Amino acid sequence: MFTSLLLLLACGSDPTEEEVPVTGSAELCFGITAGEYTDDEDVQEWTAAGIAEDPDVFDFDLWPCVTADATQALQIEDDFQIDWQVGWVLLDPNGLDVSPGISVGLDESIDVLYRGRRAPSWASGFIAQGDQGLVAAAEAGDWPGVLADGEISGLTVEVGDVISEYTSDCGQVNHYAVRFSGDEDIVLEPGQSMTFTVDGWRATAFVFEAWEHQEASCDDPVGRLSWAVFRND
């Protein structure tokens, strides 16, 4: 059994509260009991495929989140009749739970990819895609992210323009907007969410962090990039 945790929270040398507003946070909890596994020196990757089921009671001991329990989950059953779960909790800038439920048809076939980078800095992401296109995708951790262009069906996610900058103890920090290109394009700043269309389905995009040090002068992370997209009903 492998258990991995994605924590979408700012870290490192942060600005003062007056310089950057609170933007919310999220945690994604992964429990992988089966599937294909690859590992090299810097990157770990898991893939699994199965049929969507009604989630059982989420096992927080087996798939823990650190600061808050997962409040929503995706569950699939693979060819070996083993359940595989992904759980998440998304919190708005006021700490209120805004976690969307998963939108899939029962018995819909789902493919899930999870990738984690360990060096030179930590980052993780996952993609869940079904018979009818994108189900959910998320990325979190140190800059840059781990998901590649073209991996998400019908969706491209790109860092956009600089929206603010400040000087920390480690040098200049730029904060960015993030562009989501599906059937239509939307641009979000950290702390924002919006509904748009991907593969003909309505989906909600969230951005939590998108910042980068410019020529950092200390050992803090180069930056952070955290976002999520979930298909709606």
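Every number here is computed from the coordinates shown, using simple stated rules; none is lab data. Quick caveat, the model's predicted, so the values are computed rather than measured. All Cβ positions, glycine included, derive from the backbone under ideal geometry; neighbour counts span all protein chains shown.
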Per the filter on the range 183-197, residues closer than 18 Å to Asn232 by Cβ and within 17 Å of the chain's Cα centre (by Cα) are Leu188, Gln192, Ser193, Met194, Thr195
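Going by the structure shown, is Val173 farther than 22 Å from Val98 by Cα, in contact (Cβ under 8 Å) with a residue 12 or more places away in the chain, among the β-branched types (Val, Ile, Thr) and buried (at least 20 other Cβ atoms within 10 Å of the Cβ)?
Working: farther than 22 Å from Val98 by Cα: yes; in contact (Cβ under 8 Å) with a residue 12 or more places away in the chain: yes; among the β-branched types (Val, Ile, Thr): yes; buried (at least 20 other Cβ atoms within 10 Å of the Cβ): yes.
For Val173, the condition - farther than 22 Å from Val98 by Cα, in contact (Cβ under 8 Å) with a residue 12 or more places away in the chain, among the β-branched types (Val, Ile, Thr) and buried (at least 20 other Cβ atoms within 10 Å of the Cβ) - is met.
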Expected single match for more than 22 Å from Phe196 (Cβ to Cβ) and out of contact with any His (no Cβ under 7 Å at 6 or more places or on another chain) among Gln75, Gln132 is Gln75
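Only one residue in Val159, Val222 is over 23 Å from Ile110 (Cβ atoms), surrounded by fewer than 23 Cβ atoms within 10 Å (Cβ to Cβ) and touching a Leu at 6+ places or on another chain (Cβ under 8 Å). Which one?
Working: Val222 fails: touching a Leu at 6+ places or on another chain (Cβ under 8 Å).
One residue alone meets the criteria, Val159.
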Going through the range 110-150 in order, the residues found to be under 14 Å from the mean Cα position of the chain (by Cα) and not in a strand (DSSP E or B) are Trp122, Trp143, Pro144, Gly145, Val146, Leu147, Ala148
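Given the structure, is Asp199 on the phi > 0 side of the Ramachandran plot and surrounded by fewer than 24 Cβ atoms within 10 Å (Cβ to Cβ)? Lay out the reasoning, then the answer.
Details: on the phi > 0 side of the Ramachandran plot: yes; surrounded by fewer than 24 Cβ atoms within 10 Å (Cβ to Cβ): yes.
It is true that Asp199 is on the phi > 0 side of the Ramachandran plot and surrounded by fewer than 24 Cβ atoms within 10 Å (Cβ to Cβ).
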Checked pairs for the range 197-217, first of a type in the set (Val, Ile, Thr), second part of a strand (DSSP E or B) and surrounded by 23 or more Cβ atoms within 10 Å (Cβ to Cβ), C-beta under 8 Å and 6 or more apart or across chains, list as Thr197/Ala203; Val198/Val229; Val198/Arg231; Thr204/Val229; Thr204/Phe230; Val207/Val178; Val207/Ser226; Val207/Trp227
